[in-house]
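Just so you know, all these numbers are worked out from the coordinates, no wet-lab data involved. What you see is a predicted model, and the numbers here were worked out from it, not measured in a lab. Here Cβ is always computed from backbone atoms with ideal geometry, including for glycine, and neighbour counts include all displayed protein chains.
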Amino acid sequence: MAIRKSMEERVCVEGNRSIWLEKVKNALEIAGFKNLSHDSTLFQIKGDYRKMTVYGDILVTLLPFGNNENQTELNIKSTANVDNIYALFKSPNKSIINALKSAL
């Protein structure tokens, strides 16, 4: 059984949650995430990330930021295997989150 660790990051963006739900979904597809599933009611998107040295998954939850409907908070949670030699040199969780952020 693999040893897994999680990392969370929050990003505030301009725009409505329903617009960002589609943007995040498209960005995950572009970044190479597989097995994407989304819940429009909870405003959540899940996906698996399988690259040569990084195995993990991501959960993005879109929350309203404050009382403003035009601002959205992206709560990005990455969970990855950290029991390989490559994890000593580069954080697999940061790699997963950066893959999403670079696609956005």
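How high is the relative contact order of the chain, in percent, counting Cα pairs under 8 Å that sit 6 or more residues apart? RCO, the chain: 35 percent. Of 61, 41, 79, which is the most mobile in a GNM of the chain whose springs link Cα atoms less than 10 angstrom apart? In the Gaussian network model the winner is 41. Considering only the other residues whose Cβ falls under 12 Å of the Cβ of residue 33, what net charge follows from Lys and Arg at +1 and Asp and Glu at -1? With Lys, Arg at +1 and Asp, Glu at -1, the net is +2. Computed from Cα positions, the angle between helix 17-31 and the longest principal axis of the chain comes to roughly 30 degrees. Counting beta carbons within 10 Å around each of 10, 4 and listing the fewest first gives the order 10, 4.
Neighbours of residue 103, meaning other residues whose beta-carbon lies under 12 angstrom from its beta-carbon, give a summed charge of +2 when Lys and Arg score +1 and Asp and Glu score -1.
Here the relative contact order of region 12-54, from alpha carbon pairs under 8 Å that lie six or more residues apart, stands at 33 percent. Compared with the alpha-carbon gap, the fully stretched path from residue 8 to residue 101 is longer by 32.2 nm at 0.36 nm per residue. The angle between the Cα long axis of helix 92-103 and the longest principal axis of the Cα atoms of the chain comes to about 40 degrees, rounded to the nearest 10.
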